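Visitor: Dropping a structure here in structure tokens format, bear with me for questions.
What follows is calculated from the coordinates using simple rules that are stated; it is not laboratory data. Here the structure is a predicted model, which is why all the values come from computation and not from measurement. Neighbour counts are summed over all protein chains in view; Cβ atoms, including those assigned to glycine, are modelled from backbone coordinates with ideal geometry.
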Amino acid sequence: MSKITEKKMEEIRKMVEEEFPDDPALQQVHIARKIIAKEAEREGLSFLEYIKLLGKQVKDVSQRHGV
């Protein structure tokens, strides 16, 4: 999995804070969504494909550990 840089995360945070200045909860949702979208883009996947891949990885790990 590709990770975005701290600098890019800070840019995203500032942009979202400007878009939603009075709603910290909404800011957090949009920050997370934008980070996931950037990671998907770096992997060459759509947002939905990337989410499905993450879900599969979680499922595989939980099955190995009997959760």
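Visitor: Let me check I've understood the local charge: for residue 12, count other residues with C-beta under 9 angstrom from its C-beta, Lys and Arg +1, Asp and Glu -1. What total comes out?
Guide: Working: positive: 8, 13, 14, 34, 38; negative: 10, 11.
Here the charged neighbours net out to +3.
Visitor: Find the eigenvalues of the gyration tensor of the Cα atoms of the chain, then list the square roots of 5 times those eigenvalues as equivalent ellipsoid semi-axes, largest first, in whole angstrom. Numbers along the way, then the final one.
Guide: Values: eigenvalues 147, 42, 20 Å².
Here the semi-axes work out to 27, 15, 10 Å.
Visitor: Right, something else. Among 47, 12, 27, pick out the residue whose Cα is farthest towards the positive end of the charge dipole of the chain, where Lys and Arg carry +1 and Asp and Glu carry -1 on C-beta, about the Cα centre.
Guide: Sorting the options by dipole projection puts first 47.
Visitor: Explain nothing, just the number: dipole magnitude of the chain about its Cα centre with +1 on each Lys and Arg Cβ and -1 on each Asp and Glu Cβ, in debye rounded to the nearest 20.
Guide: On the way: 13 positive and 13 negative charges, 97 e Å.
Dipole about the Cα centre, nearest 20: 460 debye.
Visitor: What number, rounded to the nearest 500 deg cm²/dmol, is the helix-based mean residue ellipticity at 222 nm of the chain, given -39500 (n - 2.57) per DSSP H run of at least four residues and division by all its residues?
Guide: It comes out at -26000 deg cm²/dmol, rounded to the nearest 500.
Visitor: What number comes out for the charge environment of residue 50, summing +1 per Lys or Arg and -1 per Asp or Glu over other residues with Cβ under 14 Å away?
Guide: Numbers: positive: 3, 33, 34, 38, 42, 52, 56; negative: 39, 41, 43, 49.
My count for the surroundings of residue 50 gives +3.
Visitor: If you don't mind, another one. Below 8 Å, C-alpha to C-alpha, sequence gap of six or more: please give me the relative contact order for the chain in percent.
Guide: Contact order relative to length: 30 percent.
Visitor: On C-alpha positions alone, give me the angle between the axis of helix 47-64 and the longest principal axis of the chain, in degrees, nearest 10.
Guide: Taking the Cα atoms of the chain, the angle to 47-64 is about 40 degrees.
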